[in-house]
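Undergrad: Take a look at this one; I'll ask things after.
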Amino acid sequence: MQPTITSAPRLTTLTLFGIKKGNLRWGLAQMGTSGPKLQKVPGLLFYKLLGSGHGKGFSIKPNFYRYGLICTWENEEAADSFFRNSELMQEYEEHTYERWTCYLLPLQSHGQWDKKEPFSPTVSEKYTSGPIAVLTRASINWLALTNFWRFVPQSSKALDDAGGLLCSIGLGELPLVRQATFSIWESADAMKEYAYRNPKHQEVIKRTRAENWYSEELFARFIPIKTAGTWNGTDPLENYLRS
């Protein structure tokens, strides 16, 4: 279901790249070399290059064959032009075996990312049915690292059995200290069932506040509006975004 938009919510895209075998060094190098190229992309307002971990959530074990790119755009035309025509994406095409991009409209966003609010403005209308995407991102206080990595993996592991979860991945800008999780759920009810009723997740939320784990954090929900490509060989939203 695609809502009627009367305002101009900040179009967001998340792209996941599967790096070909033999291209591990190239993939890792993009975390440092793609930034200057992205700064010159017309209509690109905000971007973050992201590594990934094994499993569905925060992970201490990196996956050097899966990388992410999150962007916000002036409009959909700018995003489409980048993915179809840019030299950078053509270079990625040569070094990856698959690519999956999800176009998103922000429903709500709280907090900051590098002292910015990249996902504002948001959709003004209510969204009552259909899949919902969630991004949680945090910069972890150095003094809290031990407790964070002691408790958070058990919460992430709970995602393996979460009802209504369509897909999920742990992402990060910097190993151990700048972490994010992106997930898509069949519905808001399914997401809330995990977020508010899973005891392991609730324990993490409680300790986050009590022990001041984060120096900066952001929580955002999105409406997925279209996808392109595959992630682990399939499009997890293929059967959910048909008109």
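The values are calculated or read from the model by the stated rules, or taken from the named source; none is laboratory data. Predicted model, so just to flag it, every value in this text is computed and none were measured. So basically every Cβ, Gly included, is an ideal-geometry build from the backbone, and we count neighbours across all protein chains shown. Note: areas computed on protein heavy atoms with side chains; ligands, DNA, RNA excluded. Shrake-Rupley method; radii C 1.70, N 1.55, O 1.52, S 1.80 Å.
Undergrad: Against the definition (under 15 Å from the mean Cα position of the chain (by Cα) and open to solvent by less than 60 Å² (accessible area, probe 1.4 Å)), how does residue 96 come out, yes or no?
TA: no
Undergrad: Considering only segment 130-146, state which residues are crowded, with 19+ Cβ neighbours inside 10 Å and within 13 Å of residue 165 (Cα to Cα).
TA: Within segment 130-146, 131, 132, 133, 134 qualify.
Per-residue answers, yes or no, for (1) in a helix (DSSP H, G or I); (2) open to solvent by 70 Å² or more (accessible area, probe 1.4 Å); (3) touching a residue at least 60 places away in the same chain (Cβ under 8 Å):
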{"site": "82", "(1), (2), (3)": "yes, no, no"}
{"site": "90", "(1), (2), (3)": "yes, yes, no"}
{"site": "107", "(1), (2), (3)": "no, no, yes"}
{"site": "122", "(1), (2), (3)": "no, no, yes"}
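Undergrad: Among what's in segment 47-64 and is at pLDDT 95 or above and touching a helix residue (DSSP H, G or I) at 6+ places or on another chain (Cβ under 7 Å), pick the residue that is nearest to residue 149 (Cα to Cα).
TA: 49
Yes or no, residue by residue, for (1) at pLDDT below 95; (2) farther than 19 Å from residue 182 by Cβ; (3) open to solvent by 30 Å² or more (accessible area, probe 1.4 Å):
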residue	(1), (2), (3)
1	yes, yes, yes
17	no, no, no
25	no, yes, yes
32	yes, yes, yes
43	no, yes, no
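Undergrad: Okay, next question. Just the residues that are closer than 13 Å to residue 182 by Cα and either surrounded by fewer than 18 Cβ atoms within 10 Å (Cβ to Cβ) or among the hydrophobic types (A, V, I, L, M, F, W, C) (or both), please, taken from segment 207-222.
TA: Hits for segment 207-222 are 218, 219, 220, 222.
Undergrad: Which of (1) over 20 Å from the mean Cα position of the chain (by Cα); (2) within 25 Å of residue 241 (Cα to Cα); (3) part of a loop (DSSP other than H, G, I, E, B) does residue 56 not meet, given it meets every other one?
TA: Result: residue 56 fails condition (1) only.
Undergrad: Would you confirm whether any residue within segment 85-92 is closer than 18 Å to residue 38 by Cβ, of a type in the set (D, E, K, R) and touching a strand residue (DSSP E or B) at 6+ places or on another chain (Cβ under 9 Å)?
TA: Looking for residues that are closer than 18 Å to residue 38 by Cβ, of a type in the set (D, E, K, R) and touching a strand residue (DSSP E or B) at 6+ places or on another chain (Cβ under 9 Å), one finds none in segment 85-92, hence no.
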